[in-house]
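Colleague: Take a look at the following structure, please.
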Amino acid sequence: TDLMAGRQQGKTPPVANAETLRRAAERYVARYASSAEQLRRVLNRRVLRSAHEHDTDPEEGARIADEIVSRYVRLGILDDAAFARGRTAALFRRGASAGAIRGRLTQQGLEAEDIENAIRHLLAETPEIDTVPDMDRAAAVSYARRSRLGPFRRKPADADQRQREMARLARRGFSYEVAKWIIDAETEDDLTD
């Protein structure tokens with residue numbers, strides 16, 4: 001954090017104009033997968049820093065940022081539906097519940113329709129899961145395996161450890177029933193019903 005603080009304190013942000021915002025957008029989308037709203041937020045942060053440091057017009061900067069984002073959407077550089085499908089699949093593989101996926105994608109500025117379509121797409125593309133509860137169970141098994149919870153833990157757990165594991169699963173968005181199913185399983189085979 002000291003490096004970032006020094007970087008922010010020692011360097012004056014550039015004036016936000018059409019050229020600097022265009023270059024910033026190009027660099028951002030070249031480096032990161034992004035939703036349209038995420039790119040808009042990144043550009044608007046630059047606009048606000050410029051307004052603060054250089055007394056530029058934040059409304060004009062926001063208008064330019066919106067134009068850049070709209071152009072990227074028209075050109076297909078930004079595709080929220082494709083981004084939602086990719087992020088949904090990645091989060092599911094990492095053991096995120098459907099609720100956690102919805103929350104994360106909402107934070108990233110995606111519309112509810114794109115999120116629900118992405119979840120439906122994941123269900124259609126994954127033959128072993130047919131419903132959101134199946135999806136949550138599969139994600140919970142993946143998370144438990146990675147985190148060594150339930151039947152994947154190295155040594156038996158006492159009641160306190162089991163409670164902590166239940167809480168970890170709950171924080172990841174899993175229901176009480178799914179968390180209990182994971183924690184109560186004696187072996188991995190118990191999770192394949």
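The values are calculated or read from the model by the stated rules, or taken from the named source; none is laboratory data. As the structure is a computational prediction, the values presented were derived from the model and not from experiment. When we count neighbours, we look across all protein chains shown, and the Cβ atoms used for this are built from the backbone with ideal geometry, even at glycine. The protein model used for the area step is the full one, side chains on, heavy atoms only, and it has no ligands, DNA or RNA in it. Shrake-Rupley method; radii C 1.70, N 1.55, O 1.52, S 1.80 Å.
Colleague: Given that compact globular proteins tend to follow 2.2 N^0.38 Å, what is the ratio of the alpha-carbon Rg of segment 87-148 to that value?
Modeller: Here the Cα radius of gyration is 1.05 times the empirical estimate.
Colleague: Please report the carbon-and-sulfur percent of the accessible area for segment 1-137; probe 1.4 Å, protein heavy atoms only, DNA, RNA and ligands left out.
Modeller: 49
Colleague: Which translational diffusion coefficient, to the nearest whole µm²/s, is obtained for the chain from the Stokes-Einstein equation, given a Kirkwood hydrodynamic radius over C-alpha pairs, 20 °C and 1.002 mPa s?
Modeller: Answer from the Stokes-Einstein relation: 111 µm²/s.
Colleague: With +1 on each Lys and Arg Cβ and -1 on each Asp and Glu Cβ, and nothing else charged, work out how big the dipole of segment 1-138 is about its Cα centre, in Debye to the nearest 20.
Modeller: 580
Colleague: While we're looking at this one, here's another question. Using a 1.4 Å probe, what is the accessible area per residue for segment 154-193, in Å²?
Modeller: Here the per-residue accessible area is 74 Å².
Colleague: Give the accessible surface of segment 52-142 per residue, rounded to a whole number of Å², with probe radius 1.4 Å and ligands, DNA and RNA excluded.
Modeller: 55
Colleague: Rounded to whole Å and ordered largest first, report the semi-axes of the equivalent ellipsoid of segment 85-193 derived from its Cα gyration tensor (root of 5λ).
Modeller: 26, 15, 10
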